[in-house]
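Reading through the structure tokens given below for one structure.
The values are calculated or read from the model by the stated rules, or taken from the named source; none is laboratory data. Every value quoted in this text rests on a predicted model; they were computed, and no experiment measured them. Heads up, the Cβs are rebuilt from the backbone with ideal geometry, glycines too, and the neighbour counts pull from every protein chain shown. Surface areas here come from the heavy atoms of the whole protein model, side chains and all, with no ligands, DNA or RNA. Shrake-Rupley method; radii C 1.70, N 1.55, O 1.52, S 1.80 Å.
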Amino acid sequence: MKRLVIPILLLFSVSYAIGSSNELLLKKLSTESGWVKEQTYPSGWTHSKRTIDGFESPALAISGETNAPAELIAEVVYDVPAYNRFLTAASRLQAGIVVQDSSVQIGYQRWDIPLLPDRYFFYRMKKSRAGDTLFLQWTLETPANLALTNSLSMKVMNDASIIEIGAGQWILVSKSDGGTLVDYRLSMASSGALSGWVLDYINKKGILTQVEDVTAEAKRRNYR
């Protein structure tokens, strides 16, 4: 029995440290200072960036307006089973839900990256509201913090590298005309052979595509 004490304590300590780091990262993403606008795309979306002390990767943000309602955008973000239908990169993605209730979703994503080992992560996402603003905030989770079945563990983690440091948030402000001001922010650390600049490029390209895919799907649902 004594042999088990140190490994379990170490595992708990590492998991706790990662969780605390991700909560701090989320808090820093929520601040308005330090963001620098880098590019406005022809579609109207604006890409911004900021560095965060103590974290390897920069934070990225995509902001703009859409005529899709905030509630529908939140519905689409939470609709993980439908990702393979509307996400541009769905052919390279495995995604699923571990646990979900009215306010919290715990799930996973596994990405196929050409010429490199797959990357996977588990996340915890919470939904809240303040007046006309909806917040969808997520932090990455370590598998040790989750009650995973062996079959799910094998499906997600087999022959893949984990990304443990990361957080993000959707800020959805409802407008009087029924549209939404959208601001999506994230930061994720590199993992394994994936160098920082490669991950930064993937994140920059991926965050724009994700916002475009999600808002397009929300518009489609609004007019169906």
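Give me the percent of the accessible area of the range 100-175 that comes from carbon and sulfur atoms, probe 1.4 Å, all protein chains in place.
Here carbon and sulfur together make up 52 percent of the probe-accessible area.
As an exercise, use a Förster radius of 30 Å and the Cβ-Cβ distance of Ser102 and Thr46 to find the FRET efficiency, rounded to the nearest 0.05.
The pair Ser102/Thr46 has a calculated efficiency of 0.40.
Given Lys49/Lys126; Lys175/Lys219; Lys37/Lys219; Lys37/Lys205; Lys126/Lys205; Lys27/Lys126, which pairs have Cα atoms separated by over 18 Å?
Long pairs (Cα-Cα over 18 Å): Lys49/Lys126; Lys37/Lys219; Lys126/Lys205.
As an exercise, use a Förster radius of 35 Å and the Cβ-Cβ distance of Glu56 and Glu32 to find the FRET efficiency, rounded to the nearest 0.05.
The value I calculate is 0.95.
Please give the contour-minus-distance gain from Gln39 to Leu181: 0.36 nm per residue of separation, less the Cα-Cα distance, rounded to one decimal in nm.
49.4 nm
Give me the three principal axis extents of the range 102-190 from the C-alpha atoms, as integers in angstrom, largest value leading.
Here the Cα extents, ordered largest to smallest, are 49, 30, 19 Å.
Roughly speaking, what is the stretch gain from Arg129 to Ala147, that is 0.36 nm per residue apart minus the C-alpha to C-alpha distance, in nm to one decimal?
3.6 nm
Quick one: check the C-alpha center-to-center distance for the range 76-150 versus the range 154-193, whole angstrom.
When both Cα centres are located, 8 Å separates them.
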